[in-house]
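Note sheet for the following structure.
The values are calculated or read from the model by the stated rules, or taken from the named source; none is laboratory data. Note that the structure is a prediction, hence the values are computed from the model and not measured. Every residue, glycine as well, gets a Cβ built from its backbone with ideal geometry; the counts of neighbours run over all protein chains shown.
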Amino acid sequence: MTQTQLGLLPDLPQWRALAEHAAEVRDRTLRELFDAEAGRAEAMTVDADGIVVDYSKNRLTADTIRLLVELARGRDLGGQIEAMFRGEKINTTEHRAVLHVALRAAADDVIEVDGVDVVPEVHAVLAKMAGFADRVRSGAWTGFTGERIRTVVNIGIGGSDLGPAMAYEALRDYSDRALDVRFVSNVDGTDIWEATNDLDPAKTLFIVSSKTFTTIETLTNAHTARDWLLAGLREPQAIARHFVAVSTNAEKVADFGIDPENMFGFWDWVGGRYSFDSAIGLSLMVAIGPEGFTEMLAGFRAMDRHFRTAPFERNLPVLLGLIGLWYDDFFGAETVAVLPYAQYLARFSAYLQQLDMESNGKSVDRSGRPVQVQTGPIVWGQPGTNGQHAFYQLIHQGTKLIPCDVLGMLAPNHDVGRHHDLLMANFFAQTEALAFGKTASEVAAEGVEPELVPHRTFAGNHPTTTILAPKLTPYVLGQLVALYEHKVFTQGAIWDINSFDQWGVELGKVLANRIVPELESEAEPELNHDGSTNALIRRYRAQRRGGAAG
Ligand code: F6P
């Protein structure tokens with residue numbers, strides 16, 4: 001695809017209009033905005049297929065949304081969305097289509113890449129995964145000695161780990177409790193050691209997940225797992241019953257010794273961080289079963305349809321993207337906190353970190369020009385209520401602007417005593433406290449000693465977006481993940497950056513490969529790094545190998 005060069009954002013009339021508007025809105029408080037507009041909450045709440053987003057507690061007006069939507073139109077967001085769904089090669093630096101939406105397409109949809117409909121292949125892999133998952137779950141697939149598989153260990157990193165690990169945790173309530181699923185990612189040997197230390201190799205199945213099958217962390221862990229298995233089972237033929245692979249690289253999978261029959265494929269048009277609903281989700285499918293996985297894909301698909309068809313003013317991913325951009329570029333916010341009031345979503349923010357920060361952490365636009373505005377935010381968070389007893393102090397009374405997405409469920413997975421009402425009372429209370437705070441006069445009226453009044457005052461005016469879902473189910477998880485995938489797309493499209501490459505991870509990998517032999521060599525190596533790195537490597541070698549530290 002020939003990339004048309006878009007204008008620089010600050011030169012766009014829509015951008016200038018927003019900058020002028022921001023100067024007016026910046027000084028208005030949420031208290032004022034709510035006082036001025038009786039129906040604000042209703043007007044700024046959108047319900048799409050059960051996912052409710054209330055963005056009224058944000059520092060914006062109806063005009064802000066109108067101007068942001070004009071900006072999106074000025075960037076041809078609609079055309080960019082269609083280009084993705086049509087399979088155009090919008091990942092221009094890697095000459096690839098970006099088609100995670102094809103992973104959840106209905107069987108009769110047609111989505112073409114280079115003139116070939118990819119949907120039948122997607123469904124063929126899903127069917128193969130389902131057959132395998134059913135056999136493991138029923139006990140028909142046994143280990144080499146005939147024992148039933150009791151633990152599945154997914155070995156992968158980044159997009160080949162964070163998605164399935166997050167989703168396994170999120171959907172634990174739907175998983176087969178007779179099977180334990182573990183995730184190993186870090187090249188720190190502790191990770192694989194802890195994951196296998198208490199396991200019986202005869203009952204353990206490894207899923208080696210790597211798009212490229214060249215990632216050093218994953219291959220190192222996979223080799224260590226293979227050694228561990230062989231030390232226990234002693235027969236090389238055991239590998240075929242205890243190792244399967246998920247990859248796009250059949251040759252490397254075969255080189256590792258995994259039977260290509262036991263490989264589950266995907267395609268170069270699936271980015272790693274957009275891949276857990278592909279075969280990369282095999283461990284999840286084994287845990288929750290093919291039906292649960294299919295339900296999750298339906299949730300993704302529903303949000304895809306909404307993103308593609310809903311008007312921008314009522315389009316949840318577009319609204320989240322525009323509101324995020326509003327703070328990022330017109331208020332100078334550097335971060336966004338994602339705060340799920342759902343223990344099962346404990347890993348959701350960690351998952352979003354890669355999705356958002358690897359996608360939109362870019363400082364040149366698609367034409368290679370330096371961007372003129374701030375791009376992707378720092379994403380972080382922890383589940384409520386735990387975060388309230390840790391970092392919320394800084395959000396309430398610190399000096400930084402931290403817009404928050406606060407997620408909650410109308411119904412609990414486990415209705416234990418008063419827990420859900422207490423959890424949700426905190427959920428509602430926090431967004432109220434953040435928005436409206438407590439003025440000095442309100443504090444003083446409570447009889448607080450005058451010198452303590454400033455300490456006990458809450459400025460408020462901290463923006464939050466409330467996201468409510470019916471209950472954490474596979475379907476809802478699919479909706480939520482697609483919501484954020486498309487939010488990231490919306491922002492990248494407006495910033496005119498390539499949200500689908502990740503060249504920024506390369507330099508560290510190259511340097512690490514150069515340093516490995518310097519750490520492992522018996523002879524004292526010649527070091528040609530900077531003075532600091534040379535000295536640190538010498539110190540490490542001196543400790544580990546008894547070399548010279550100086
Ligand atoms: O961190 C860089 C990265 O390339 C991610 O984008 C990717 O998800 C991860 O490494 C793992 O890659 P692979 O699946 O090829 O092992």
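Here are the numbers for this structure:
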read-out	value
Qualifying residue in region 150-160 (condition: surrounded by fewer than 23 Cβ atoms within 10 Å (Cβ to Cβ), closer than 19 Å to residue 289 by Cα and of a type outside the set (A, V, I, L, M, F, W, C))	yes
Meets criteria (within 30 Å of residue 541 (Cβ to Cβ), surrounded by fewer than 23 Cβ atoms within 10 Å (Cβ to Cβ) and more than 16 Å from the ligand (Cβ to nearest atom)) for residue 506	no
For residue 52: the one exception among (1) touching a residue at least 40 places away in the same chain (Cβ under 8 Å); (2) exposed (fewer than 13 other Cβ atoms within 10 Å of the Cβ); (3) hydrophobic (A, V, I, L, M, F, W, C)	(2)
Residues of region 103-119 satisfying the condition of being assigned to a loop (DSSP other than H, G, I, E, B) and under 16 Å from residue 274 (Cβ atoms)	105, 111, 118
Hits in region 177-200 (condition: in contact (Cβ under 8 Å) with a residue 40 or more places away in the chain, surrounded by 16 or more Cβ atoms within 10 Å (Cβ to Cβ) and more than 16 Å from the ligand (Cβ to nearest atom))	179, 181, 195, 196, 199
Residues that are among the β-branched types (Val, Ile, Thr) and touching a residue at least 24 places away in the same chain (Cβ under 8 Å), drawn from region 295-326	318, 323
Residue match in region 247-259 (condition: touching a residue at least 12 places away in the same chain (Cβ under 8 Å), touching a Ser or Thr at 6+ places or on another chain (Cβ under 9 Å), closer than 30 Å to residue 487 by Cα and part of a helix (DSSP H, G or I))	no
Residues that are surrounded by fewer than 22 Cβ atoms within 10 Å (Cβ to Cβ) and under 20 Å from the mean Cα position of the chain (by Cα), drawn from region 267-291	267, 268
Qualifying residues in region 202-231 (those that are crowded, with 24+ Cβ neighbours inside 10 Å and part of a helix (DSSP H, G or I)) - the one nearest to the ligand (Cβ to nearest atom)	218
Candidates 47, 134, 114, 108 - the one that is surrounded by fewer than 20 Cβ atoms within 10 Å (Cβ to Cβ), out of contact with any helix residue (DSSP H, G or I) (no Cβ under 6 Å at 6 or more places or on another chain) and more than 25 Å from residue 294 (Cα to Cα)	114
Residues of region 147-162 classified as assigned to a loop (DSSP other than H, G, I, E, B) and within 18 Å of the chain's Cα centre (by Cα), total	3
Inter-residue pairs, beta-carbon under 9 Å, first surrounded by fewer than 13 Cβ atoms within 10 Å (Cβ to Cβ) and in region 419-442, second of a type in the set (Ser, Thr, Tyr) and modelled with pLDDT of 95 or more, 6+ apart	422/385
Residue match in region 107-115 (condition: in contact with a strand residue (DSSP E or B) (Cβ under 8 Å, 6 or more places away or on another chain) and free of Cβ contacts under 8 Å to residues at least 24 places away in the same chain)	yes
Helices (runs of 4 or more DSSP H) lying entirely in region 272-352 (those with 1 or more residues that are hydroxyl-bearing (Ser, Thr, Tyr), more than 18 Å from residue 44 (Cβ to Cβ) and within 16 Å of the ligand (Cβ to nearest atom))	282-309, 348-352
Inter-residue pairs, beta-carbon under 6 Å, first closer than 18 Å to residue 365 by Cβ and in region 80-98, second buried (at least 17 other Cβ atoms within 10 Å of the Cβ) and among the small types (Gly, Ala, Ser), 6+ apart	80/493; 89/97; 90/83
Residue ID - farthest from residue 170 (Cα to Cα), chosen from residues in region 254-265 that are within 16 Å of the ligand (Cβ to nearest atom) and at pLDDT below 95	255
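A quick yes/no check of all residues on (1) outside any loop (DSSP other than H, G, I, E, B); (2) in contact with a Ser or Thr (Cβ under 6 Å, 6 or more places away or on another chain):
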{"residue": "121", "(1), (2)": "yes, no"}
{"residue": "125", "(1), (2)": "yes, no"}
{"residue": "132", "(1), (2)": "yes, no"}
{"residue": "135", "(1), (2)": "yes, no"}
{"residue": "140", "(1), (2)": "no, no"}
{"residue": "145", "(1), (2)": "no, no"}
{"residue": "164", "(1), (2)": "yes, yes"}
{"residue": "167", "(1), (2)": "yes, no"}
{"residue": "182", "(1), (2)": "yes, no"}
